[in-house]
Amino acid sequence: MSVFEIIQRRRSIGKMTEQRPTRQQIEHLIEAATHAPNHHKVEPWKFIVLAGKARAELGQVMADALVQRLEENPFDKAEALINKERNKLLRSPVVIVAVAVPPRQPKVLEIENIEAVAAAVENRLLAAEEMGLACMWRTGDAAYDPRVKRWLGLEPEDHIVAFVYVGFPSIPKLERHPTSAEEKTTWLGWEEDEFSRM
Ligand SMILES: Cc1cc2nc3c(=O)[nH]c(=O)nc-3n(C[C@H](O)[C@H](O)[C@H](O)COP(=O)(O)O)c2cc1C
């Protein structure tokens, strides 16, 4: 398969079997991420792999964090929401947390570190597609909650760019046809003869 075909075929798959990918497969996905472009070569990423009971432990932290957020903003169906939050990470056998660290040098822009980690996550999704694995990039309020970051050993200034759910697909991919590139693109100066301006 060409890279272009893999890009076209990749789709989020939210439902996975309980079968855990091998350690080698997860390491391969992480390595793919580390080849992403990054400005000033700062490699602004950290990855945390959650499997087994670590998913339930973080799920409990996410549920407790949600309870505290709801105290500030009460909501009718809170209990169902809290239960859902507790079980979220159990939707796949492995979850890789992709983190962008803040800049350490003045010339490095924070947004560019986040962009580089987003590119790293996409590399991972494409590598997973090639390997026949199911993947889903998720965030949600938990990704921005300092209590969740603390449990993961992160600083409040670190950014959780993605919870990448990884496993084997248990449902077919949903079809999605993106808006045409033509509609999203403006061409400037393309019709001009470059040499006529010289
Ligand atoms: C920054 C980011 C955050 C996302 N967070 C979620 C999420 O919290 N829940 C979810 O179901 N999908 C999430 N997604 C996945 C998108 O819903 C999905 O990519 C989109 O529907 C397009 O479908 P496709 O990936 O199958 O092409 C996220 C994607 C990105 C890029």
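Looking only at residues in the range 152-187 that are in a helix (DSSP H, G or I) and either among the acidic types (Asp, Glu) or buried (at least 17 other Cβ atoms within 10 Å of the Cβ) (or both), the one that is farthest from the ligand (Cβ to nearest atom) is Glu182.
Hey, does the range 32-42 have a residue that's in a loop (DSSP other than H, G, I, E, B), within 16 Å of the ligand (Cβ to nearest atom) and open to solvent by 40 Å² or more (accessible area, probe 1.4 Å)? Within the range 32-42, not a single residue is in a loop (DSSP other than H, G, I, E, B), within 16 Å of the ligand (Cβ to nearest atom) and open to solvent by 40 Å² or more (accessible area, probe 1.4 Å). Sort out which residues of the range 111-121 are more than 12 Å from the ligand (Cβ to nearest atom), open to solvent by 40 Å² or more (accessible area, probe 1.4 Å) and either assigned to a loop (DSSP other than H, G, I, E, B) or touching a residue at least 24 places away in the same chain (Cβ under 8 Å) (or both), and write them in order of number. Scanning the range 111-121 gives a single hit, Glu112. For the range 86-97, the count of residues that are within 25 Å of the chain's Cα centre (by Cα), part of a loop (DSSP other than H, G, I, E, B) and under 21 Å from Ile160 (Cα atoms) is nonzero.
Restricting Arg104, Arg55 to those that are in contact with a Leu (Cβ under 6 Å, 6 or more places away or on another chain) and open to solvent by 30 Å² or more (accessible area, probe 1.4 Å) reduces the list to Arg55. Of all residues in the range 3-17, those that are more than 8 Å from Ser170 (Cβ to Cβ) and modelled with pLDDT of 95 or more have Cβ atoms under 8 Å from Cβ atoms of residues that are part of a loop (DSSP other than H, G, I, E, B) and more than 13 Å from the ligand (Cβ to nearest atom), 6 or more apart or on another chain, in Arg9/Met1.
In the range 122-149, of all residues being surrounded by 17 or more Cβ atoms within 10 Å (Cβ to Cβ), closer than 30 Å to Leu70 by Cα and of a type outside the set (D, E, K, R), the one that is farthest from the ligand (Cβ to nearest atom) corresponds to Val148. No other residue among Arg69, Arg11 is in a loop (DSSP other than H, G, I, E, B) and open to solvent by 30 Å² or more (accessible area, probe 1.4 Å) apart from Arg11.
Does Gln24 count as under 19 Å from Lys149 (Cβ atoms), at pLDDT 95 or above and either open to solvent by 40 Å² or more (accessible area, probe 1.4 Å) or out of contact with any strand residue (DSSP E or B) (no Cβ under 6 Å at 6 or more places or on another chain) (or both)? Answer is no for this residue.
Taking Lys84 as the residue in question, decide whether it is more than 19 Å from Leu133 (Cα to Cα), within 16 Å of the ligand (Cβ to nearest atom), free of Cβ contacts under 8 Å to residues at least 24 places away in the same chain and loosely packed, with under 15 Cβ neighbours inside 10 Å.
yes
The values are calculated or read from the model by the stated rules, or taken from the named source; none is laboratory data. This one's a predicted model, so the numbers in the text were calculated from it and none came from an experiment. Using ideal geometry, Cβ is built from the backbone for each residue, glycine included, and neighbour counts are taken over all protein chains shown. Keep in mind that these areas ignore ligands, DNA and RNA; they rest on the heavy atoms of the full protein, side chains included. Shrake-Rupley method; radii C 1.70, N 1.55, O 1.52, S 1.80 Å.
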